[in-house]
Amino acid sequence: MPIDNAGNTLGTARGLTLTSNSQTFGDWVGTLDTQDFYRFNLSNRSALNLAVDTLTANADVQLIQDRNNNGAIDSGEVITTSARTGTSAESIVRNLDAGRYFIRVYNSANSETNYNLKVFATPDLAGDTTATARNITIGSQTTTYSDWVSSLDTNDYYRFTLNESRNLALTLTNLSADADVQVLRLNSDNTTTSIGSSTNGSSASETININNLSAGNYFVQVYRYSGDTSYKLNLSAAPQDFTGNTVVTARDIIPSSTTIREFVGSGDTNDYFRFVLGDNSNLAVTVNGLTANANLQILRLNGNGSTTVVGSSTNAGNAAENVNLTSLTAGRYLVRVYQGSGDTSFNLSVTSNYAPSDWAGRNIADTGVLTKVRSLSADGSLSRSDMIDIFRDAKDGNTVDVNELIDLRNIVANAVGFNMADHVRVLSNKVVNGDVANAKYQGATLGNLYAGSTGTQMENLIGKWFLGSDRPATSRTYSYNSAPLFKDGVSITDIKQGAVGDCYYLATLASIAQEKPSYISDMFTDNGDNTYTVRFFNNGVADYVTVDKYLPGYANASQELWVGLAEKAYAQLAESGWSRGAGQTNSYASIEGGWMDYVIRQVTGLSATSSNVTSMTKQQLIDLVNSNKILTAGFVNGAGYGVVDSHAYTVQSYNSTTGLFRLNNPWGTTHAEVTWEQLNSLQAYIISSNS
Amino acid sequence: MGRLIVKSSTPCRIDFIYILQMINQKKFIFVSSKILIVFFIAIACFLQSAMAVNKPVKKNTVNKTNKCTTMSSNQGIIVKTVSLIAREEKNPPIGTTVKSNVNIGFASVFLSLENQNLADANFVIKSIEIRDISNNSLQDFKSSCQTVKLKPLENSTVAFHLTNKTGYKMGKVKAIIKYQLGQQIKVIESGAVGVDKK
């Protein structure tokens with residue numbers, strides 16, 4: 001008789017110690033040994049997975065629990081049977097509670113066969129809810145958790161805490177069916193928010209990487225999509241990486257005697273440090289303090305984004321790396337420290353004889369731009385015309401290359417250091433860092449500045465934001481208007497609405513002109529070249545557009561420009577997306593129809609309130625009229641008493657003798673005077689600033 | 001939710017037409033019998049669709065026809081900020097002709113992106129949701145999968161304007177953007193904002 005390692009009764013069953021890794025037990029059943037018994041204990045609820053294969057004749061298998069411990073298989077103690085015909089492999093997958101179980105392999109119809117019993121059990125250690133989540137600790141090294149999800153255990157939750165910001169890396173592998181995973185943040189009110197998920201189909205592995213995950217409590221939820229599957233959840237939370245891993249995301253440094261402490265290893269194989277050198281520079285770079293192998297390169301960043309290696313050090317083992325270079329040409333350089341083998345922290349020292357005292361010398365690589373900035377900022381600031389000059393210089397060769405783009409962004413980021421006026425900073429930022437409105441210029445595609453932008457694109461961006469040359473679309477013809485910005489100050493009588501349906505805007509401007517005229521005068525910056533930069537507020541933050549002195553035929557017919565330019569600027573602003581909402585373009589049509597409280601906020605930055613007059617008292621309205629608050633009335637519930645429907649007015653005054661409120665019409669004519677009762681009858685909306 | 005795919009069998013409408021054709025070809029059932037069959041098919045269709053509603057939806061399946069699902073989303077694109085402007089305007093804007101059946105709910109979502117690649121890159125937005133922060137309920141706005149094309153080293157702010165004819169249900173809301181980065185689906189949220197109601 002062949003081998004017989006397994007007993008033939010429950011009492012003599014061969015004891016097995018199951019793990020989450022599959023084990024194989026070879027044996028034989030036949031006429032002289034009709035059944036083999038195996039015994040195993042589960043200390044946790046587990047997913048059992050067993051197979052009996054490599055059969056040469058028919059054999060079957062049963063999973064048994066001797067519930068009354070009488071050593072016999074009583075009725076109801078066979079949990080399940082796999083009894084396929086012939087030499088087909090037998091298989092049982094079952095979720096089991098903790099306890100003692102038996103496997104019975106038996107022959108059928110006097111057959112004789114060798115067999116392999118393959119079996120593993122994956123414990124269900126993860127809770128099914130956030131409240132019962134398995135607490136785990138995640139460190140720099142990957143930790144693997146084995147578990148399973150099935151129709152009877154659809155969710156597994158793990159809970160972990162980060163005491164500092166870390167880079168989370170998660171994979172879900174070894175799937176045999178479709179399971180998904182997500183990371184949840186535990187909020188202070190005990191709710192959870194999904195902050196990342198991976199939902200690949202079938203048995204494909206899942207991956208989630210979240211960099212700079214802030215300190216806090218988190219859950220990992222592994223959940224069944226279809227089928228039952230074991231899985232391995234692999235987690236690590238590496239220290240936050242303060243140095244970029246590519247040429248573009250390199251960490252800007254200034255060569256000095258300061259030592260930088262950093263790390264390279266698995267998951268962070270490259271650290272790049274970026275700096276500027278002048279002509280004939282010497283450079284000394286040292287990397288030491290290694291506990292594993294790391295290497296060093298010095299690269300020059302070319303204008304097309306490529307790099308040239310100008311020095312390297314690749315010593316073996318933990319030996320320090322050193323590079324010394326002389327007579328380097330001016331430009332932007334990179335130090336690259338990269339993993340050789342293993343994980344290691346390192347100390348980086350970068351020194352050079354190039355040590356300019358000015359910010360420009362340390363941060364601007366392009367020689368032309370550097371010369372221009374140094375020259376123009378000699379007076380202590382960079383003005384609007386200075387920035388236009390710098391932008392134009394950067395498009396030499398009819399392209400804005402990588403180094404020039406980085407230089408321009410550095411300059412704008414250092415606006416405070418250059419004493420840049422706010423409107424110059426904001427408009428420059430739109431040129432170099434993009435804006436929703438950059439999509440179009442004079443009706444044609446424009447686009448944001450990028451590495452490789454043409455000189456034409458740069459010139460159009462300058463025109464759009466600094467020269468007012470992207471005028472709002474209109475069916476009328478633009479003509480130059482030589483009138484002054486203001487004549488005899490700012491007055492409510494300056495408002496005379498044309499053909500554009502922007503009464504809500506002009507009625508508000510009229511009230512501002514009456515109550516707070518300085519907001520109107522402060523709205524405009526005369527650039528001295530027949531253009532004006534006009535200020536608005538986006539959620540309290542100043543935003544700007546520039547307009548020239550060309551106005552369309554139906555623009556305000558006043559002998560001063562401010563109303564027409566404010567109207568034109570508001571039309572230009574529409575394409576930035578925040579002032580007028582959906583689908584607005586740079587056109588007068590975009591400012592047709594609106595509400596005065598938005599205008600109050602956008603023109604003055606003040607908060608505003610809108611109320612139906614029926615919810616106010618007469619005295620409250622009189623108090624508003626007698627204050628210096630911006631005050632308007634809107635009518636959308638019908639005309640009457642000289643008031644036009646779907647129209648906005650400025651509430652200009654109250655006559656206590658007659659009891660009449662004077663409503664100034666932005667048309668400049670057909671003003672109305674109405675009683676409190678008539679305002680109530682018309683259900684006017686009263687919209688005012690809160691201060 | 002442009003690329004979410006309901007895992008269900010052949011659409012019920014096709015089954016329905018196919019069975020009717022079979023009935024006509026056989027020509028052995030009277031019209032009244034057809035009506036009875038149609039009734040049962042309709043019930044079956046209803047049950048099937050009802051069951052489909054309760055099925056989980058997904059996901060990154062291999063065969064996809066939606067153009068967004070075939071578009072790769074580059075690594076090296078950073079989402080810098082997300083902001084939301086929420087408005088509800090039950091009253092018509094002043095200065096225009098009153099129209100019927102107009103949108104009254106507006107959500108403007110602004111997304112600032114940074115392409116850190118030295119080449120063109122695509123940023124694939126899977127969905128934009130507007131949710132109430134008090135109970136996480138989904139507001140009645142629909143968004144489709146969208147791809148933003150970025151030039152080398154381009155910084156870009158893109159605006160998405162969502163509208164509806166029902167307005168907002170409750171109080172403060174936030175925008176939740178799900179986007180694809182490589183093989184991952186990532187999520188970023190705006191801060192909570194109040195709904196400016198007219």
- Message: If I ask for residues that are farther than 19 Å from B:G76 by Cβ and open to solvent by 20 Å² or more (accessible area, probe 1.4 Å), which ones from region A:263-274 would you list?
- Response: A:F263, A:S266
- Odd one out for A:D396 among (1) modelled with pLDDT of 95 or more; (2) within 20 Å of B:P152 (Cβ to Cβ): (1)
- Item | Count of residues meeting criterion [outside any strand (DSSP E or B) and hydrophobic (A, V, I, L, M, F, W, C)] in region A:92-120 | 2
- Query: Which residues, counting only those in region A:141-179, are open to solvent by 60 Å² or more (accessible area, probe 1.4 Å) and either more than 15 Å from A:Y231 (Cα to Cα) or under 30 Å from the mean Cα position of the chain (by Cα) (or both)?
  - Reply: A:Q141, A:T142, A:T144, A:L152, A:R159, A:T161, A:N163, A:E164
- With respect to B:F123, determine if the residue is at pLDDT below 95, open to solvent by less than 50 Å² (accessible area, probe 1.4 Å) and assigned to a loop (DSSP other than H, G, I, E, B). no
- Applying the selection to region B:158-183, what residues are more than 16 Å from the chain's Cα centre (by Cα), within 11 Å of chain A (Cβ to nearest Cβ) and open to solvent by less than 20 Å² (accessible area, probe 1.4 Å)? B:G182
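Hey, can you tell me all the residues within region B:145-167 that are hydroxyl-bearing (S, T, Y), within 19 Å of A:G577 (Cα to Cα) and touching a residue at least 60 places away in the same chain (Cβ under 8 Å)? Walk me through how you get there before you give the answer.
Of all residues in region B:145-167, those hydroxyl-bearing (S, T, Y) come to B:147, B:156-157, B:163, B:166.
Applying the additional criterion that residues be within 19 Å of A:G577 (Cα to Cα) yields B:147, B:156-157, B:163.
Scanning region B:145-167 gives B:T147, B:T163.
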- Filtered residue count, region A:567-590, keeping only those that are in contact (Cβ under 8 Å) with a residue 40 or more places away in the chain and at the interface with another protein chain (Cβ under 9 Å from one of its Cβ atoms): 3
- Counting only residues that are more than 14 Å from chain B (Cβ to nearest Cβ), open to solvent by 20 Å² or more (accessible area, probe 1.4 Å), within 24 Å of A:L186 (Cα to Cα) and among the hydroxyl-bearing types (S, T, Y), region A:203-243 contains a total of 0
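Output the residues belonging to region A:637-664 that are closer than 23 Å to A:A608 by Cα and either away from chain B (no Cβ under 14 Å) or open to solvent by less than 20 Å² (accessible area, probe 1.4 Å) (or both).
A:H647, A:A648, A:Y649, A:T650, A:V651, A:Q652, A:S653, A:Y654, A:F661, A:R662, A:L663, A:N664, listed by residue number.
Does any residue of region A:547-567 turn out to be under 30 Å from the mean Cα position of the chain (by Cα), under 30 Å from B:N103 (Cβ atoms) and not small (G, A, S)? Don't jump to the end; show me each part of the working.
Initially, region A:547-567 is screened for residues under 30 Å from the mean Cα position of the chain (by Cα), giving none.
So far as region A:547-567 goes, no, none of its residues is under 30 Å from the mean Cα position of the chain (by Cα), under 30 Å from B:N103 (Cβ atoms) and not small (G, A, S).
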- So how many residues does region A:422-456 have that are more than 10 Å from every other protein chain (Cβ to nearest Cβ), open to solvent by 10 Å² or more (accessible area, probe 1.4 Å) and touching a strand residue (DSSP E or B) at 6+ places or on another chain (Cβ under 8 Å)? 6
- Kindly check whether there is at least one residue in region A:476-489 that is aliphatic (A, V, I, L, M), more than 14 Å from every other protein chain (Cβ to nearest Cβ) and more than 13 Å from A:L561 (Cα to Cα). no
- Could you tell me which numbered condition A:E112 fails, if it satisfies all but one of (1) among the charged types (D, E, K, R); (2) in contact (Cβ under 8 Å) with a residue 60 or more places away in the chain; (3) farther than 30 Å from A:D33 by Cα? (3)
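Could you list all residues from region B:142-154 that are within 14 Å of chain A (Cβ to nearest Cβ) and surrounded by fewer than 22 Cβ atoms within 10 Å (Cβ to Cβ)? Let's see the steps before the verdict.
As a first pass, look at region B:142-154 and keep what is within 14 Å of chain A (Cβ to nearest Cβ): B:142-143, B:148-154.
Once the filter is applied, which keeps residues that are within 14 Å of chain A (Cβ to nearest Cβ) and surrounded by fewer than 22 Cβ atoms within 10 Å (Cβ to Cβ), region B:142-154 yields B:K142, B:S143, B:V148, B:K149, B:K151, B:P152.
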- Message: Within region B:93-112, does at least one residue satisfy the condition of being more than 12 Å from every other protein chain (Cβ to nearest Cβ), touching a residue at least 40 places away in the same chain (Cβ under 8 Å), more than 16 Å from the chain's Cα centre (by Cα) and open to solvent by 50 Å² or more (accessible area, probe 1.4 Å)?
- Response: yes
- Task: Give me a count of the residues in region A:575-602 that are more than 20 Å from B:V195 (Cα to Cα) and among the aliphatic types (A, V, I, L, M).
- Result: 2
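The values are calculated or read from the model by the stated rules, or taken from the named source; none is laboratory data. Note that this is a predicted model, so its numbers are computed, not measured. Here the Cβ is made from the backbone with ideal geometry for all residues, glycine too, and neighbour counts use every protein chain on show. Accessible surface is based on the protein model in full, side chains and every heavy atom, while ligands, DNA and RNA are left aside. Shrake-Rupley method; radii C 1.70, N 1.55, O 1.52, S 1.80 Å.
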